[in-house]
Amino acid sequence: MLKKKWIQMGMLCLSLWMLAGMGTAFAVTSKCEECHLKISPMMVKDFNRSKMAAELSCENCHGEEHKSEKDVEKVKLPTIRTCQECHQEQAEQYLSGKHALGLTALNAMPYTHGQPKAFVEGQKGCGGCHTLGLAEEKDRQTEGRKYYRYGMDCQNCHTRHAFSADEAAEPEACMTCHTGFDHAQWEMWSGSKHGVTYLMNRAIDIDEKNSERAPTCQTCHMPEGNHRVFSAWGFLAVRLPEEDQEWMGYRATILKGLGVLYPEGKPTPRLDVVKAGKVARLDKAEFDAERKRFTDICRKCHSPNFVNENMKNADKMVKESDKLLAEALEIIAGLYKDEIIPKRPDYHAYPDLLTFYDATTKIEQTLYLMFMDHRMKAFQAGFHINPDYSTWYGYANLRKDLVEIKDLAKKMRAEKGLAESPEAKPEVKPEVKKDAPASK
Ligand code: HEC
Ligand code: HEC
Ligand code: HEC
Ligand code: HEC
Ligand code: HEC
Ligand code: HEC
Ligand code: HEC
Ligand code: HEC
C-alpha cells in the first residue's frame, strides 16, 4: 500500500522534474506549498531543507482535506503514529523508552492537578517539556489537548520542518529540557571534561570529525541512534531492592516521604502510580542491565577499572545525599507526630516530598529544595563528571539545608512550648571523625 504510494510519488517527482527541466532538486511542490509560500515562506523553506522533501509533501503528514483558509480545521496535526508509518524502528524504540512516559509521570504527581492550566497544559510550563508520548490521533481530542492542541515528540530533537538527523545528533538538541533547577544535565555536561573536550574539538576540527573523541548526551544515552532512553537510577534515584542495609534505612525514610510506603513499611496506593510511570526502579535485573549499557559505552574510551571506580563513586554520592535527606525527613516527621505542623487530609505521618513547591510550611519548602534542587545536583553531577555542581551546587547546599531545618524545627517546637522531643531526634547522626579538625 505504502509502496504503491511511493511509486506514485516517485513518478510524480519524475514528471515534475522533467517538466521543470532541471536536476537540482527533486522536491515535490504542491498546492499546499504554493499557498503556504505566501503565508509562511520560512516554513516551506525549512521543509525543503529536509531530506524528506525529496519524496514527501505537506499532505503526507497533514492530510489532504484542508485546501484553503476556509477549512483549516480539517488539517491533521501529525502524531508519533504518523511518523511511525515510515520510521517503524525509531518510533518503536522511542515508545519503549522513558521519554514516552513523560506525561504519565507528570500526571502521576498528586499536586500537578492543582496547578493553573496555563502552567501545565499549554506548551509553556510543565507541559512544555512533558507533553510526551501522545501516539494516537485520538490523543489530540483528549481534555488536556483542548487547552492547547499542538506539540508532538519527534520534533523535540528533529525540529520541524527541517527534521534533520544531524541536528538531533548535537547535544544542544537536549538542552531546552535537560537544563536548570532539578535536571541541569546540560550545565553539568557542557562544563565537564567531556563537554569541554567535545565542544573544543567541534569548534576547531569539524571536518575531521575529531569531535567524536569525547562523548555527547547522545553517545551515552542514544548509542547508535537508539531512540529508547532510560537510565539505571533515573530522576529520583530511588531503587529497590537495596543490598546495603545502612542505605536501605535512608531509602525507607525517603520512600515514606515519597508517600509510597506507610510508616510501618507497607506500600500505599501511590506505589502503583509510581510503577506505571517507571518513576522508581523496582527491579535489580533491570537496574543492572541499564547500568551495563552505560559502562559498555564508557569502556570504548576508558579502562574497565577506571569506569568501575567512577560509577562506584557516583553511587556513593547518592548514598551520602540520601543520608542527609533522610535525616531532614525524620526531623519534620517528628513535627507532624507532635502536631506542631497541622496534619493534611492525606497525611500519613511524613511530609510529602511530591508536593514540590506547594509545601505549606517554610521548613517543608527547605525540604523541597533539598530534595529537588540540591540532592539532584549532588548525584546527577557525579554521573556527569562535574565536581563543581556535585560540591557547591549540590552537597554543600544539602548540608546548609539541614542546618536550617534543624534550626527551624527547634524554633517551631519552642513556639509551641515544647522541648525537643526524644522521638524527633534524628535516627541518622552526622558522622564526625574523632581525629578530624574542628568542623567549620
Ligand atoms: C489557499 C491557501 C492554502 C492552501 C492551498 C493550503 N493552506 Fe494550509 N493554511 C492556510 C492558512 C491561511 C492557514 C492559517 C490558518 C490560521 O492559522 O489562521 C493554514 C494553516 C495550515 C496549517 C496549520 C493549522 C493550525 O491550526 O495551526 C497546516 C498544518 C496547513 N495549513 C497545512 C496545509 C496543507 C497540508 C495543505 C495542502 C493539503 C495546505 N495547508 C493548503 C492556507 C492554505
Ligand atoms: C511517508 C513516509 C514518511 C513519513 C510519514 C515520515 N517520514 Fe521521515 N523520512 C522519510 C524518507 C523517505 C526519508 C529519507 C530517507 C533518506 O533519504 O535516507 C526520511 C527521513 C527522515 C529523517 C532523517 C533526515 C536526515 O537528516 O537524515 C528524519 C529525522 C525523519 N525522517 C523524521 C520524521 C518525522 C519526525 C516524521 C513525522 C513527523 C516523519 N519523518 C514522517 C519518510 C517519511
Ligand atoms: C514529516 C511530516 C511533516 C511534513 C511533511 C510537513 N509537516 Fe507541517 N508539521 C509537522 C509537525 C510534526 C508539526 C508540529 C505539530 C504539532 O506541534 O502538534 C507541523 C506543524 C505545521 C504547522 C503549524 C505549526 C506552526 O509552526 O505554525 C503548519 C502551518 C505546517 N506544519 C505546515 C506545513 C506545510 C505547509 C508543509 C509542506 C511544506 C508541511 N507542514 C509538511 C510535520 C510535517
Ligand atoms: C531525544 C531526541 C530525539 C527524539 C525525541 C527523536 N529523535 Fe530521531 N534521532 C535522534 C538522534 C540522536 C538520531 C541519530 C542522529 C545521527 O547520529 O545521525 C536520530 C535519527 C533519526 C532518524 C534517522 C535514522 C537514520 O538511520 O538515518 C530518523 C528517521 C528519526 N530519528 C526519526 C525519529 C522519529 C520518528 C521520532 C519520534 C518518534 C524521533 N526521531 C524522535 C534524536 C531524537
Ligand atoms: C521536550 C523536552 C525534552 C528534550 C528535547 C529531551 N528530553 Fe530527555 N526527558 C524529558 C523528560 C520530560 C523526561 C522525563 C520523562 C518521564 O517523566 O518519563 C526525560 C527523560 C530522559 C531520560 C531518562 C532519565 C531516566 O529517568 O532514566 C534520558 C536519559 C533523557 N531524557 C535523555 C535525553 C537526551 C540525550 C536528549 C537529547 C538527545 C533529550 N533527552 C531530549 C524531556 C526532554
Ligand atoms: C559519558 C556519558 C554520559 C554523557 C556524555 C551524558 N550522560 Fe547522562 N548519564 C550518564 C550516566 C552514567 C548516568 C547515570 C546512569 C545510571 O543511573 O546508572 C546518566 C544519567 C542521566 C539522566 C538521569 C538522571 C541523572 O542525571 O542521573 C539524564 C536525564 C541524563 N543523564 C541526561 C543527559 C543529557 C541531557 C546529557 C547531555 C547534556 C547527558 N546526560 C550526558 C552518562 C552520560
Ligand atoms: C524545562 C523542562 C521541564 C519542565 C518545565 C518540567 N519538567 Fe519535569 N522533567 C524534565 C526532565 C528533563 C526530566 C527528566 C530528568 C531526569 O531524569 O534527570 C523531568 C522529570 C520529571 C519527573 C520524574 C519523572 C520520572 O519518571 O523520573 C516528574 C514527576 C516531573 N518531571 C514533574 C514535573 C512537574 C510537575 C513539572 C511542573 C511543575 C515539571 N516536571 C516541569 C523536564 C521538565
Ligand atoms: C568517546 C570517548 C569517551 C567516552 C564514551 C567516555 N569518555 Fe570519559 N573522557 C573522554 C575524554 C576524551 C576525556 C578527557 C580526558 C582528559 O581529561 O584528559 C574524558 C574524561 C573523563 C573523566 C575526567 C577526567 C579524568 O581522567 O578523571 C572521567 C571521570 C570520565 N571521563 C569518565 C567516564 C565515564 C564514567 C564514562 C561512561 C559513563 C565515560 N567517561 C565515557 C572520553 C570518553
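Give me Rg/Rg_expected for segment 164-309, where Rg uses Cα atoms only and Rg_expected = 2.2 N^0.38 Å with N residues. Kindly include the intermediate steps, with their values, before the conclusion.
Details: Rg = 18.4 Å, N = 146, 2.2 N^0.38 = 14.6 Å.
Against the empirical 2.2 N^0.38 Å value, I get 1.26 for segment 164-309.
Normalise the Cα radius of gyration of the chain by 2.2 N^0.38 Å (N = residues in it) and let me know the number. Intermediate results must be reported in sequence, preceding the final value.
On the way: Rg = 26.1 Å, N = 440, 2.2 N^0.38 = 22.2 Å.
So the chain has a normalised radius of gyration of 1.17.
Put simply, the convex hull of the Cα atoms in segment 245-415 casts, on average, a shadow of 10.9 nm².
Remark on LEU261: its backbone amide H falls under 5 Å from those of LYS256, THR268, a criterion applied only to residues 5 or more positions apart or on other chains, H modelled at 1.01 Å from N. As a proxy for reagent exposure, ranking TRP392, TRP189 by other Cβ atoms within 10 Å from fewest up yields TRP392, TRP189. Taking a ≥ b ≥ c as the square roots of the eigenvalues of the alpha carbon gyration tensor, segment 141-188 is oblate, as a/c is not under 1.5 and a/b does not beat b/c.
Couplings for segment 385-400, taken from phi via the Karplus curve 6.51 cos²θ - 1.76 cosθ + 1.60 with θ = phi - 60°, read 6, 10, x, 5, 5, 4, 7, 7, 8, x, 4, 4, 5, 4, 5, 5 Hz in order; Gly and Pro are left as x.
Summing charges over neighbours of GLU290, with a neighbour being any other residue whose Cβ is under 15 Å away from its Cβ, gives +4 when K and R count +1 and D and E count -1. Each 5 Å bin from 0 upward holds the following percent of the Cα-Cα pairs of segment 80-158: 3, 15, 26, 26, 17, 9, 3, 1.
Among residues other than THR355 with Cβ under 12 Å from its Cβ, the summed charge is -3 (Lys and Arg +1, Asp and Glu -1). Taking the chain as a Gaussian network of alpha-carbon nodes connected by springs under 10 Å, the highest mean-square fluctuation of the residues ILE332, ILE385, ILE39 belongs to ILE39. Our coupling estimate for segment 145-160, obtained by passing each phi through the Karplus curve with A = 6.51, B = -1.76, C = 1.60 and θ = phi - 60°, is 6, 6, 5, 7, 9, 7, x, 8, 5, 4, 6, 5, 10, 9, 4, 5 Hz, Gly and Pro reported as x. Computed on segment 120-215, with alpha-carbon pairs under 8 angstrom and 6+ residues apart, the relative contact order is 15 percent. Sorting ASP296, ASP322 by the number of Cβ atoms found within 10 Å of their own Cβ, with the fewest placed first, yields ASP296, ASP322.
Taking Cα pairs under 8 Å and at least six residues apart, what relative contact order does segment 245-415 come out at, in percent? Show your work: numbers first, answer last.
Working: 167 pairs, mean separation 42.0, N = 171.
Over segment 245-415, the number comes to 25 percent.
Relative contact order (percent) for the chain, with alpha-carbon contacts under 8 angstrom and 6 or more residues of separation? Please list the in-between numbers first.
Values: 529 pairs, mean separation 57.8, N = 440.
Worked out over the chain, it gives 13 percent.
Within 13 Å, Cβ to Cβ, of PRO267, how many net charges do the neighbouring residues add up to if Lys/Arg are +1 and Asp/Glu are -1? Mind showing how you got there, number by number?
Numbers: positive: LYS256, LYS266, ARG270, LYS275; negative: GLU264, ASP272.
Neighbour charge sum, excluding PRO267 itself: +2.
Counting only DSSP H runs of at least 4 residues, each contributing -39500 (n - 2.57), and dividing by the residue count of the chain, the helix-based mean residue ellipticity at 222 nm comes to -14000 deg cm²/dmol.
Every read-out reported here was derived from the displayed coordinates using simple, explicitly stated rules and does not represent laboratory data. What you see is a predicted model, and the numbers here were worked out from it, not measured in a lab. Note that each Cβ is placed from the backbone with ideal geometry, even for glycine, and that neighbours are counted across all protein chains shown.
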